[in-house]
Amino acid sequence: MLKNFEPNKIFLITSKAPKYILTAFIIIISIGLIEALILSPEDYIQSHSVRIMYVHVPSAWISLGTFSVIATLSFFILIFKNKSFILITKSLAPSGLVFNIIALTTGSIWGKPTWGTWWAWDARITSMLILGLFYIIYILAWRIYDNGEKANRITSLIAIIGLINVPIIKYSVDWWSTLHQPASINIFSETSIHPSMIVPLALMTAAFALFSVLIFLMKYNTELIKIKNKGLDRL
Amino acid sequence: MINEIISMNGYGIYVWSAFAFTLISFSVLYAVIKVQLVKEKIKFDAKYSTLTSEKKKTIRTQEAYKGILASNSVSKI
């Protein structure tokens, strides 16, 4: 099964898919923005500032999800020496970092009208900042060590260590008393937000996920062509 | 109506700046990755064009290069 993840086989898909994904992204984000900024209702406590949720929450979800995927694949790279996953993990990191920055910044902007402050060192916000630091260290490690066995080992270790932070982020609002509100959307229990707000949230999440895939595919192609360029040098 | 959408009961500055930051971040990330991709493709084209016809023939038969040659301009010439 792992043979399906061979870079050359993936390239056949990754070189053609971006234009379709970009089109789908533009359509969905256009509808999502109209829903989020105009059609969705204001909150009875937070008023219109609740609209920031439609960019803040999907960014945080994708940032967390991306890092979880990187860490899981890194486990396979480190333990089973699976080379096919190296390019995938390396290509996922840039979009993960940008979504983390968006989550932190929009959260900070949302915090000012809601809490009266741009920043608070509470458990959720601090653990998200730590996730951002892990992304930066991960990307820097690739730059410092370039490609090779050492780079694979170090970056995989960073991702696996960083995975410890993921459940801390998820459960920080339950484990500690935080300024940040608890989760409003639960897969296994009742969701506490109104359906009229779930539609724009779902649309924006889908759009952000598509953008994340688009950036991943473009970065993957770049990395693959870079390797082939080195191969041409050796000819 | 438009004034209401812009001001959002005084929250407009926060809402619009959060959305603007997100969309600007997307544009910058897309542009950076696109430039990197185009640069690598140009580099590949330049290197490929300097190869002897014998080496080009060898590369065309290699599975690893087939996809890239199909997506790059060199294959269209």
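Values as computed for the structure displayed
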{"quantity": "MRE, 222 nm, helices only [DSSP H, n ≥ 4, -39500 (n - 2.57), over the protein assembly as shown, to nearest 500]", "calculated": "-26000 deg cm²/dmol"}
{"quantity": "Distance between modelled label sites at B:VAL35 and A:PHE75, nm, 7 Å Cα→Cβ extension", "calculated": "3.8 nm"}
{"quantity": "Debye, to nearest 20: dipole size of chain A, +1 on Lys, Arg Cβ, -1 on Asp, Glu Cβ", "calculated": "1180 debye"}
{"quantity": "Simple label model, 7 Å out from Cα along Cβ direction - A:TYR145 to A:ILE130, nm", "calculated": "2.2 nm"}
{"quantity": "Inter-chain Cβ neighbour average for residues A:215-224, partner chain, 10 Å", "calculated": "5"}
{"quantity": "Shielding by partners, peptide A:13-19 (average Cβ within 10 angstrom, other chains)", "calculated": "2"}
{"quantity": "Tensor-based shape of the protein assembly as shown (alpha-carbon gyration tensor, a/c under 1.5 rounded, otherwise prolate or oblate)", "calculated": "prolate"}
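Computed from the coordinates by the stated procedures, all read-outs in this text should not be read as laboratory data. Here the structure is a predicted model, which means the values were calculated and not measured. Heads up, the Cβs are rebuilt from the backbone with ideal geometry, glycines too, and the neighbour counts pull from every protein chain shown.
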